[in-house]
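Beneath this line is the structure, given in structure tokens, with notes to follow.
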């Protein structure tokens with residue numbers, strides 16, 4: 001069974017985003033920060049990261065508070081994993097709305113540093129980022145400088161939870177762009193298989 005975790009961007013939605021974006025958002029959109037995308041911060045995404053063992057944590061009951069290391073079962077995480085966090089932000093709010101952009105929980109710095117030290121390959125979230133405001137690019141840069149990539153704006157993470165998936169593989173394929181801080185990608189969970 002395959003579950004598409006990629007936000008479906010329509011031509012109309014792209015036009016709406018461009019029409020309503022302020023100058024900062026327009027520059028982000030033009031450099032690949034639209035829909036489901038990697039925050040690569042100019043680093044090269046290795047093809048070895050295209051297929052990873054998936055580990056998912058449902059943190060949707062935590063509300064808007066920071067997600068702490070103590071909130072997850074860290075023993076489930078191994079080097080090379082794609083670690084997904086279901087916050088339900090993409091289920092609760094319209095993509096790129098004010099609420100979507102501001103009412104999501106952040107990963108604590110302790111948790112981010114743990115994931116980097118664990119050498120996971122990818123951290124995924126169904127929200128606009130791991131951190132808010134000025135700390136958003138700081139978290140992206142910290143992770144990318146340690147060869148850990150962040151995938152934002154995922155959808156359908158609840159389907160993985162509903163399937164009771166213990167073992168699954170996440171396939172992630174970015175566009176072949178070089179030197180961009182963000183790169184659109186397609187992300188698909190394959191349930192019943194584990195890398």
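Which one is farthest from the chain's Cα centre (by Cα) among residues in the stretch 140-155 that are farther than 13 Å from residue 112 by Cβ and surrounded by fewer than 21 Cβ atoms within 10 Å (Cβ to Cβ)?
147
Results for (1) surrounded by 17 or more Cβ atoms within 10 Å (Cβ to Cβ); (2) closer than 18 Å to residue 52 by Cα; (3) in contact with a strand residue (DSSP E or B) (Cβ under 7 Å, 6 or more places away or on another chain), shown as yes or no for each residue.
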| position | (1), (2), (3) |
| --- | --- |
| 105 | yes, no, yes |
| 111 | yes, no, yes |
| 121 | yes, yes, yes |
| 129 | yes, no, yes |
| 157 | yes, yes, yes |
| 161 | no, yes, yes |
| 168 | yes, yes, yes |
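Before we move on, is residue 178 farther than 24 Å from residue 75 by Cα and in contact with a strand residue (DSSP E or B) (Cβ under 7 Å, 6 or more places away or on another chain)?
Details: farther than 24 Å from residue 75 by Cα: yes; in contact with a strand residue (DSSP E or B) (Cβ under 7 Å, 6 or more places away or on another chain): no.
So residue 178 does not fit the description; no.
Rundown of residues vs (1) without any contact (Cβ under 8 Å) to a residue 60 or more places away in the chain; (2) surrounded by fewer than 15 Cβ atoms within 10 Å (Cβ to Cβ); (3) under 24 Å from residue 172 (Cα atoms); (4) in contact with a strand residue (DSSP E or B) (Cβ under 9 Å, 6 or more places away or on another chain), yes/no style:
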{"position": "58", "(1), (2), (3), (4)": "no, no, yes, yes"}
{"position": "61", "(1), (2), (3), (4)": "yes, yes, no, no"}
{"position": "95", "(1), (2), (3), (4)": "no, no, yes, no"}
{"position": "114", "(1), (2), (3), (4)": "yes, no, yes, no"}
{"position": "133", "(1), (2), (3), (4)": "yes, yes, no, no"}
{"position": "138", "(1), (2), (3), (4)": "yes, yes, yes, no"}
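Checking residue 100 against (1) out of contact with any strand residue (DSSP E or B) (no Cβ under 9 Å at 6 or more places or on another chain); (2) under 26 Å from residue 2 (Cβ atoms); (3) modelled with pLDDT of 95 or more, only one condition comes out false. Which one?
(3)
When the residues of the stretch 72-88 are narrowed to those that are over 13 Å from the mean Cα position of the chain (by Cα) and more than 16 Å from residue 49 (Cβ to Cβ), which ends up surrounded by the fewest Cβ atoms within 10 Å (Cβ to Cβ)?
Ranking the qualifying residues of the stretch 72-88, first place goes to 75.
Looking only at residues in the stretch 102-116 that are over 14 Å from the mean Cα position of the chain (by Cα) and part of a helix (DSSP H, G or I), which one is nearest to residue 153 (Cα to Cα)? I'd like the intermediate steps shown before the answer.
Going through the stretch 102-116, the residues over 14 Å from the mean Cα position of the chain (by Cα) turn out to be 102-103, 108-111, 113-114, 116.
Adding the requirement that they be part of a helix (DSSP H, G or I) leaves 102, 109-111, 113-114, 116.
Details: 102: 13, 109: 20, 110: 22, 111: 19, 113: 21, 114: 22, 116: 20 Å.
Looking at residues that are over 14 Å from the mean Cα position of the chain (by Cα) and part of a helix (DSSP H, G or I), I get 102.
Testing residue 136 on (1) outside any loop (DSSP other than H, G, I, E, B); (2) out of contact with any helix residue (DSSP H, G or I) (no Cβ under 8 Å at 6 or more places or on another chain); (3) farther than 20 Å from residue 43 by Cα, one condition comes back false. Which one is that?
(3)
Output the number of the condition that residue 187 fails; it satisfies all remaining conditions of (1) in contact (Cβ under 8 Å) with a residue 60 or more places away in the chain; (2) more than 14 Å from residue 54 (Cα to Cα); (3) under 16 Å from the mean Cα position of the chain (by Cα).
Condition (2) is where residue 187 drops out.
I'd like the full set of residues that are loosely packed, with under 15 Cβ neighbours inside 10 Å and either part of a loop (DSSP other than H, G, I, E, B) or at positive phi (or both), limited to the stretch 170-192.
Selection gives 175, 176, 177, 178, 179, 192.
The values are calculated or read from the model by the stated rules, or taken from the named source; none is laboratory data. Keep in mind the model is a prediction, meaning the values are calculated, not measured. Heads up, the Cβs are rebuilt from the backbone with ideal geometry, glycines too, and the neighbour counts pull from every protein chain shown.
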